[in-house]
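Structure first, commentary second.
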Amino acid sequence: MPLTLTKMAAKHKYSVLLPTYNERENLPIIVWLLVKYFSEGNIDYEIIIIDDGSPDGTLEVAKQLQKIYGEKRIVLRPREKKLGLGTAYIHGVKHATGDFVLIMDADMSHHPKFIPQFIEKQLEGDYDVVTGTRYAGDGGVHGWNFKRKLISRGANYVVQVLLRPGVSDSTGSFRLYRKEVLEKLVNSCRSKGYVFQIELIIQARHMGYSVGEVPISFVDRVYGESKLGGHEIIEWMKGILYLFATT
């Protein structure tokens with residue numbers, strides 16, 4: 001990041017929202033990487049871990065990480081049970097003290113090395129939202145089989161045709177928001193689960209917020225199993241049709 005942008009970034013604080021469910025193996029790695037890239041950039045940050053009652057002991061791991069890095073950097077805001085991705089972000093942003101908020105997956109599919117690029121993009125264009133894209137520039141997907149790639153491409157195509165989001169990758173979930181913008185967006189969204197991310201972008205376009213894109217490499221999770229199954233795909237389609245009918 002250029003020196004002038006580094007100085008500009010130093011004026012801000014960045015809150016990372018990490019919803020978790022059965023991520024005990026991935027959590028120490030993703031937290032270590034986040035600390036590394038924020039520290040190297042001399043950027044103020046906090047990592048808010050929102051665990052939804054993981055039966056594998058993810059919360060206990062998070063507590064150990066808090067002891068290592070301190071309560072200022074690792075903020076625990078657990079919930080008793082799995083309540084959905086959308087409500088996790090709503091819950092997390094209420095506790096964010098940064099003026100910018102990053103949302104990302106805790107399963108290592110979103111690499112923190114791209115965060116400085118997100119920050120640089122936002123500062124250069126004064127964007128309200130910066131979203132990662134797998135489908136533009138040198139972005140891409142690694143570790144998925146043909147079926148999973150087909151589902152992702154197909155889902156993105158359906159969204160492009162029906163909802164015209166104005167971005168190349170509307171189904172991604174690696175983004176940087178101004179905090180006040182994210183607060184307004186989450187309060188305007190009615191979707192839950194995977195559709196929530198799409199509605200955030202659709203609402204941002206409708207409200208006139210500026211959106212920038214950064215190419216990212218998406219890597220399939222190293223540990224654990226994907227939460228995306230047949231039921232989730234059906235619910236996703238219902239959600240997309242609902243957005244088409246109401247937006």
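The values are calculated or read from the model by the stated rules, or taken from the named source; none is laboratory data. Note that the structure is predicted; figures quoted are calculated from it, not measured. Please note: Cβ atoms are built from the backbone with ideal geometry, for glycine as well, and neighbour counts cover all protein chains shown. What goes into the accessible areas is simple: the full protein's heavy atoms, side chains included, and nothing from ligands, DNA or RNA. Shrake-Rupley method; radii C 1.70, N 1.55, O 1.52, S 1.80 Å.
Observations on the model:
- ALA136/TYR157 FRET efficiency (R0 22 Å; Cβ-Cβ; nearest 0.05): 0.95
- Taking the accessible area of the range 1-90, probe 1.4 Å, and keeping the other protein chains in place, the carbon and sulfur fraction comes to 54%.
- Taking 7 Å steps out from each Cα toward its Cβ at ILE29 and ASP56 produces label points 1.1 nm apart.
- Additional length obtainable on full extension of the chain from ASP126 to SER217, 0.36 nm per residue less Cα span: 30.4 nm
- Of LYS81/LYS121; LYS63/LYS184; LYS81/LYS113; LYS11/LYS113, those spanning more than 29 Å from alpha-carbon to alpha-carbon: LYS81/LYS121; LYS63/LYS184; LYS81/LYS113
- Model label zone, GLU183; criterion: amide N under 20 Å from point 7 Å along Cα-to-beta-carbon; scope the range 79-116: 86-104
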